[in-house]
Amino acid sequence: MHDILAIAGSPSRSSRSSAVLAQSKKVLEAQGLEVETFTIRDIKPDDLVFANFESLELKKFTELVADAKGIVIATPVYKATYTGILKALLDLLPQYAFSDKTIFPIATGGTITHLLSIEYSMKPLFAVLGATHIKRGVFIVDSQIQRLGEGGIQLDEDIETRLQESLLEFATDIKQQKQILQTASL
C-alpha cells in the first residue's frame, strides 16, 4: 500500500511538471515512503468529459486517493490556473476526498506572473475537497528547468534547494502521520 499519491495534471507526455513530479517521487522514495503515480493520461477522455463514474480507471483513482496519506499534485499553469483536465478529474472525486490528507502542490509556468496560482486557484480547490493540511507549494518557472536526455531534467540550484527542502518537510509530515496510525492500531 502506498503512502503518497503523485498526481500528474498535464495532458502532455513531455511535460515539465510531470518531470518535476517524477524527480520529486525519487526524493520521497529515498525517504522510505512508497509513492504511487497517477497521470491524467491514465484515464479515458470520454470518462472525464461524460463523468463516467463506472469507469475502472476512475474507480482506481478514487481508491488511490482514499488509501494515500499524502498527495502531491503537479500541474502546468494555463491561463493563471491548473489545467482544465486536472479540474475535470478532481471534480469526479467524492466531496471530501482530501480529508485527513497532507497535500503538496507543485506548479510550473512560463512566467513569474503565475506565481500565485497555487495560493489563489489550487489551494481553494483542495480545501473544497476537504483538505485542511495543505503545504506551501513550489512554483517553478519553465526557464528554471533544463531538459536532459531521456526525459530527465535539471533544476536551477535555488529552485532545486527549495523543492528538496519542501519535499523533506512533506515527507516528515507523512512519516509522523504513519507513526500515529501505527501507534493507534497497537
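The values are calculated or read from the model by the stated rules, or taken from the named source; none is laboratory data. Computed from a prediction, not measured in an experiment: that's the story for all the values here. Here the Cβ positions follow ideal geometry from the backbone for every residue, glycine too, while neighbour counts run over all protein chains shown.
With the requirement that a residue be touching a residue at least 24 places away in the same chain (Cβ under 8 Å), out of contact with any Phe, Trp or Tyr (no Cβ under 9 Å at 6 or more places or on another chain) and part of a helix (DSSP H, G or I), what does the range 149-168 give you? Even if it seems obvious, please write down each step before you answer.
First pass over the range 149-168, keeping only residues touching a residue at least 24 places away in the same chain (Cβ under 8 Å): 151-153, 155, 162-164, 166-168.
Among the residues that remain, those that are also out of contact with any Phe, Trp or Tyr (no Cβ under 9 Å at 6 or more places or on another chain) are: 151-153, 155, 162-164, 168.
Of everything in the range 149-168, those that are touching a residue at least 24 places away in the same chain (Cβ under 8 Å), out of contact with any Phe, Trp or Tyr (no Cβ under 9 Å at 6 or more places or on another chain) and part of a helix (DSSP H, G or I) turn out to be G151, R162, L163, Q164, L168.
Quick one: which helices (runs of 4 or more DSSP H) lie wholly within the range 10-87 and hold at least 2 residues that are over 16 Å from the mean Cα position of the chain (by Cα) and surrounded by 14 or more Cβ atoms within 10 Å (Cβ to Cβ)? Working first, answer last.
Numbers: elements: 16-30, 45-49, 56-67.
Qualifying helices (runs of 4 or more DSSP H): 45-49, 56-67.
Would you mention how many residues in the range 126-143 are in a helix (DSSP H, G or I) and buried (at least 19 other Cβ atoms within 10 Å of the Cβ)? Explain how you work it out, then say what you get.
At the first step, the residues of the range 126-143 found to be in a helix (DSSP H, G or I) are 126-128, 142-143.
The next check asks that each one be buried (at least 19 other Cβ atoms within 10 Å of the Cβ); those that pass are 126.
Of the residues in the range 126-143, 1 are in a helix (DSSP H, G or I) and buried (at least 19 other Cβ atoms within 10 Å of the Cβ).
Which residues, counting only those in the range 59-90, are touching a residue at least 40 places away in the same chain (Cβ under 8 Å) and not β-branched (V, I, T)? Walk me through how you get there before you give the answer.
Pass one, the range 59-90, residues touching a residue at least 40 places away in the same chain (Cβ under 8 Å): 64-65, 67-77, 80-83, 85-86, 88-89.
Hits for the range 59-90 are L64, D67, A68, K69, G70, A74, P76, A80, Y82, L86, A88, L89.
Determine whether G110 is surrounded by 12 or more Cβ atoms within 10 Å (Cβ to Cβ), at pLDDT 95 or above and small (G, A, S).
On the way: surrounded by 12 or more Cβ atoms within 10 Å (Cβ to Cβ): yes; at pLDDT 95 or above: no; small (G, A, S): yes.
No.
K178 passes all but one of (1) modelled with pLDDT under 95; (2) loosely packed, with under 14 Cβ neighbours inside 10 Å; (3) charged (D, E, K, R); which number fails?
Result: K178 fails condition (2) only.
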